[in-house]
1. Go through region 10-28 residue by residue and tally those that are surrounded by 14 or more Cβ atoms within 10 Å (Cβ to Cβ) and without any contact (Cβ under 8 Å) to a residue 60 or more places away in the chain.
2. Go over the candidates L62, L54, L42 one by one and state the one that is closer than 15 Å to E105 by Cα, in contact with a helix residue (DSSP H, G or I) (Cβ under 9 Å, 6 or more places away or on another chain) and part of a helix (DSSP H, G or I).
3. If you check every pair at least six apart or on different chains, which have Cβ atoms under 6 Å apart with a residue in region 32-47 that is of a type in the set (A, V, I, L, M, F, W, C) first and a residue that is buried (at least 16 other Cβ atoms within 10 Å of the Cβ) second?
4. Report the residue count in region 120-153 for those that are loosely packed, with under 10 Cβ neighbours inside 10 Å, more than 23 Å from H90 (Cα to Cα) and among the charged types (D, E, K, R).
5. Taking region 66-94, which residues are more than 14 Å from V136 (Cβ to Cβ) and small (G, A, S)?
6. Take the conditions small (G, A, S), within 18 Å of F26 (Cα to Cα), modelled with pLDDT of 95 or more and within 17 Å of the chain's Cα centre (by Cα) and apply them to A147. Does it pass?
7. Check L116 against each of (1) among the aliphatic types (A, V, I, L, M); (2) surrounded by fewer than 18 Cβ atoms within 10 Å (Cβ to Cβ); (3) more than 20 Å from E4 (Cβ to Cβ) and name the one condition it does not meet.
8. Which residues, counting only those in region 65-81, are buried (at least 16 other Cβ atoms within 10 Å of the Cβ), assigned to a helix (DSSP H, G or I) and over 12 Å from the mean Cα position of the chain (by Cα)?
Amino acid sequence: MVSEHALLDTLLAQAVRGSVEAYQGFRQRLLRHIRIEERLLLPTAEQKRSGEPLPLAARLRLDHGVLAALMMLPPTRSTFRTVSAVLKAHNPLEETSGGVYDQCEALAGPDASELLSQCEKTPPVPVSPWIDDPKVFEAARRALIRAGYAASLLDEDEVK
């Protein structure tokens, strides 16, 4: 999953440089990545903890909601800036030593290889075209606020 973060970073950097194809790939891979965490990793960890979610599960789910909402927005500088800010806060929660990925692996124990196999078999997520609509923009802004991020991250850049 950590290597997937690196690939996502590469695709996002290419999208920032103007590659619409990279943005499409980024959107698809990010949504698949979120699906894996939401449908496999977090539920498995909760099951292994006798129904108790990981301490960071709620935080991750808020971030996942924001990221999914942002994937509905067109590829603009403010979208890229906001996605980057959320990922900068989110990824260390999963990647660091003792983070969510380490916890999931430890909890899976002898079932870790089967869990990894399920992750690898997760199909791509169908991705809708982005929508350049004020209602979608406002929904993304509300998701940002709900997750504790500054709504101003989505403010349009001034043209200079």
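The values are calculated or read from the model by the stated rules, or taken from the named source; none is laboratory data. This is a predicted model, so every value here is computed, not measured. In this analysis, Cβ positions are derived from the backbone assuming ideal geometry, glycine residues included, and neighbour counts consider all displayed protein chains.
1. Adding up the residues that qualify gives 8.
2. Working: L62 fails: closer than 15 Å to E105 by Cα; L54 fails: part of a helix (DSSP H, G or I).
Being closer than 15 Å to E105 by Cα, in contact with a helix residue (DSSP H, G or I) (Cβ under 9 Å, 6 or more places away or on another chain) and part of a helix (DSSP H, G or I) holds for just one of L62, L54, L42, which is L42.
3. I34/H64; I36/C119; L40/C119; L41/C104; L42/A57; A45/L54; A45/C104; A45/L107
4. 2
5. S84, A85, A89
6. no
7. Against the list (1) among the aliphatic types (A, V, I, L, M); (2) surrounded by fewer than 18 Cβ atoms within 10 Å (Cβ to Cβ); (3) more than 20 Å from E4 (Cβ to Cβ), L116 comes up short only on (3).
8. S78, T79, F80, listed by residue number.
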